[in-house]
Each structure stands twice: as structure tokens, then as C-alpha cells.
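What follows is one structure encoded as C-alpha cells, with my remarks underneath.
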Protein chains: 2
Amino acid sequence: MTDIQLHPRRSVAEVEEGATLAPKFGADGLMPCVTTDAATGEVLMLGWMNAEALRLTLTTGEAHYFSRTHRAVWHKGATSGLIQRVIEARIDDDQDALWLRVEVAGAGASCHVGYGSCFYRAVPTGPAAGGPLRFTEAAKTFDPRAVYGDAPNPTIL
Amino acid sequence: MTDIQLHPRRSVAEVEEGATLAPKFGADGLMPCVTTDAATGEVLMLGWMNAEALRLTLTTGEAHYFSRTHRAVWHKGATSGLIQRVIEARIDDDQDALWLRVEVAGAGASCHVGYGSCFYRAVPTGPAAGGPLRFTEAAKTFDPRAVYGDAPNPTIL
């Protein structure tokens, strides 16, 4: 079921204006994927996909990513239960980035730190630029230690 | 005005839970930036920033990106007039991706092909996976030839 065709990139016109999926992965074999909450429009996370993660996401209708830390395809929510059901997938003009609009199962969170969105801090701009980050969520949605136990933190310095 | 401090990454706890901006750029010196329409929540584009583009974006309050095609920092809208005013900037958990919520000037479009969003095609999922892409915007917002003339297309095969 994961054998959908990824087409060759024959011309700019076809890539930009055509109806065939002809994705471009980076030198590392990955493309960025923006995932938003289909109901609120909030950006939940920025993930990465290799060709296999893209195929699995499209065919199963559940988000799969490639973990750069673990060097493996990862079914989002397999550990935490926070499965992301794809409401709509979109590809961008030059087909090197994906946008998933999803509905999150369980507690509805998507961030391993425990927040609903990975983007839980605002960065000051304009005259306030350079000031401290401001937290945008009043509290964590879940306790990451209760969910992930002693699994290694994916954040790398 | 572009000399705001980007802090060193001393600990995972500080990067994830702290209030200091300590961004991580990839091996190529770039981080992905998701840009959404502040009013509608629609994802307009997925761009890239180097440290200078990030500093310029935060201090001026207008989106600047790094063009991988032209190998240069690029003030979005400088040619087209479609300036992106930053309503809010957010950084993600491990500080290697940015989210900009913007208000677009002029025609309100953000895609060089002429559409409002770069993500103007839906990719079928589930039982329909592998089928043709579906266009999500009825018509282009502007004529790219009238705006960009003979400038080279940034899409690379």
C-alpha cells in the first residue's frame, strides 16, 4: 500500500502547474513538512520526511516523519497516542515542502516537551527585538515524563 | 539595528524551556521558516533563513529570507511589493525552526507563481492516494510575468 508513484521532475511548468506529484528531497533525502491543526490553523510542528515517510503519510492518512535524531521513519503518536490524522495534505509550488492539516488524537498535543504546539514561545520583533521569549501556552497539556519515561530527548544542542 | 544577540546553546533545558533566543541553523547555515497568514491561518510559504535574515526579520518586523537559488538574503516583497509584516514570530522547542504570522501588503499573495499561497495544490490521501493533485485556488491573484518580468524562475528541478 505504500507504493504510490513519485514522478520524475521533467520541467518547471509541470512541477509548478501540473497535477502530478514530483517531490524534491534535499541532499539529505528529506523535505520539511509543516503540520497545522486543521481546526485552529495553529502550527503544531515542523517535521521532516523522506520518500518512505511521505508515502506512508499519504497512503495511511496518518502523519509519518523521519527522525533526524533516530535516523528512522517514525509514526507520530505511536508512543504517545497523539496520532495525527491527515485532513488535507498540500504540496508547495516547487514541490519541496509539504503542509499537513491534521486532527490530533488524545490530549491533542504535538510537542514532546508537553505543549500543544512545538511553537510555544513568541520572539519579540521591532522595537522589542532582542528581548526575552514569551511563553504562549499557560500550561503543558501533558507530562512528558509520564508519556515518554526515560526515552532520550530528541533535542540536540 | 541588526545586532540582536543570538545566544549559545548551553543545555537542552535552557533551549527548550528558557526565554533566550538560541537558534540552531543546519549544516548549510539555514533554518526553515513557516509563514502563515495571521488572519486566516493559511500557510503561505516555507522559506529559509540564515542568521542575518533572522536578525533582519526580527528587528525590522518585515520578513527576510535567504534565497537558496540566489545565495543571498532577500527582503520579501522588495520586487513585487508583497511585503510581509510580522504580526508574531515564534520559535519551536529545539529552536531550529521559525513560525511567522504575517499580514501581506498589496494583493496579499505570497507565491511567485501568482497564487495567494505557495501551497495551492492538495495531495490525495488514504484510498485516493496516488491520484492527481487538486488545485485549491480558483485563479491566480496576480500575473507573475507582469510583476517579475523576465527574472529567472526560482524553481530548480
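The values are calculated or read from the model by the stated rules, or taken from the named source; none is laboratory data. Values in this document were obtained by computation on a predicted structure and should not be read as measured data. No Cβ is skipped: glycine too gets one built from the backbone with ideal geometry, and neighbour counts run over all protein chains shown.
If we keep just the residues of the range B:66-84 that are in a loop (DSSP other than H, G, I, E, B) and of a type in the set (Ser, Thr, Tyr), which is nearest to the other protein chains (Cβ to nearest Cβ)?
Of everything passing the filter in the range B:66-84, B:69 is nearest to the other protein chains (Cβ to nearest Cβ).
Total residues in the range B:115-130 satisfying the condition of being without any contact (Cβ under 8 Å) to a residue 40 or more places away in the chain and farther than 20 Å from residue A:33 by Cβ: the figure is 1.
Of all the numbered requirements in (1) touching a residue at least 12 places away in the same chain (Cβ under 8 Å); (2) farther than 30 Å from residue B:126 by Cβ; (3) at the interface with chain B (Cβ under 10 Å from one of its Cβ atoms), residue A:87 misses one, and that requirement is (2).
The set of residues in the range B:1-17 that are charged (D, E, K, R), more than 8 Å from chain A (Cβ to nearest Cβ) and surrounded by 15 or more Cβ atoms within 10 Å (Cβ to Cβ) contains only B:14.
Selection of the range B:143-157 for residues being free of Cβ contacts under 8 Å to residues at least 60 places away in the same chain, more than 7 Å from every other protein chain (Cβ to nearest Cβ) and surrounded by 15 or more Cβ atoms within 10 Å (Cβ to Cβ) yields only B:144. Total residues in the range B:85-103 satisfying the condition of being buried (at least 22 other Cβ atoms within 10 Å of the Cβ), on the phi < 0 side of the Ramachandran plot and either of a type outside the set (Lys, Arg) or outside any strand (DSSP E or B) (or both): the figure is 10. Of all residues in the range A:78-113, those satisfying the criterion of being closer than 22 Å to residue A:41 by Cβ and either β-branched (Val, Ile, Thr) or more than 16 Å from the chain's Cα centre (by Cα) (or both) are A:83, A:86, A:87, A:91, A:93, A:102, A:104, A:106, A:107, A:113. Checked against the criterion of being closer than 29 Å to residue B:102 by Cβ and of a type in the set (A, V, I, L, M), the range A:64-81 contains not a single residue that satisfies it. Of all the criteria given as (1) touching a residue at least 24 places away in the same chain (Cβ under 8 Å); (2) farther than 30 Å from residue B:112 by Cα; (3) not basic (Lys, Arg), the one not satisfied by residue A:98 is (2). Could you list all residues from the range A:18-42 that are surrounded by 15 or more Cβ atoms within 10 Å (Cβ to Cβ), of a type in the set (Gly, Ala, Ser) and touching a residue at least 60 places away in the same chain (Cβ under 8 Å)? Hits for the range A:18-42 are A:22, A:38.
Got a number for residues in the range B:130-156 being touching a strand residue (DSSP E or B) at 6+ places or on another chain (Cβ under 8 Å) and in a loop (DSSP other than H, G, I, E, B)? Step through it out loud before you land on a result.
Filtering the range B:130-156 for residues touching a strand residue (DSSP E or B) at 6+ places or on another chain (Cβ under 8 Å) gives B:133-136, B:154.
After this cut, where a residue has to be in a loop (DSSP other than H, G, I, E, B) as well, the list is B:133, B:136, B:154.
Adding up the residues that qualify gives 3.
Just to be sure, is residue B:47 within 30 Å of residue B:16 (Cα to Cα) and either in a helix (DSSP H, G or I) or small (Gly, Ala, Ser) (or both)? Can you show your working first?
Details: within 30 Å of residue B:16 (Cα to Cα): yes; either in a helix (DSSP H, G or I) or small (Gly, Ala, Ser) (or both): yes.
Criteria met by residue B:47.
Residues in the range A:27-44 that are among the hydrophobic types (A, V, I, L, M, F, W, C) and in a strand (DSSP E or B): 5 in all.
For the range B:110-124, state whether one or more residues are facing chain A (nearest Cβ under 7 Å), surrounded by fewer than 20 Cβ atoms within 10 Å (Cβ to Cβ), at pLDDT 95 or above and closer than 25 Å to residue A:90 by Cα. Among the residues of the range B:110-124, at least one is facing chain A (nearest Cβ under 7 Å), surrounded by fewer than 20 Cβ atoms within 10 Å (Cβ to Cβ), at pLDDT 95 or above and closer than 25 Å to residue A:90 by Cα, which makes the answer yes. Scanning the range B:132-142 for residues that are within 10 Å of chain A (Cβ to nearest Cβ) and aliphatic (A, V, I, L, M) returns a single hit, B:133. Kindly establish whether residue A:52 is of a type in the set (Asp, Glu), farther than 25 Å from residue A:146 by Cβ and within 9 Å of chain B (Cβ to nearest Cβ). Against the criterion (of a type in the set (Asp, Glu), farther than 25 Å from residue A:146 by Cβ and within 9 Å of chain B (Cβ to nearest Cβ)), residue A:52 does not qualify.
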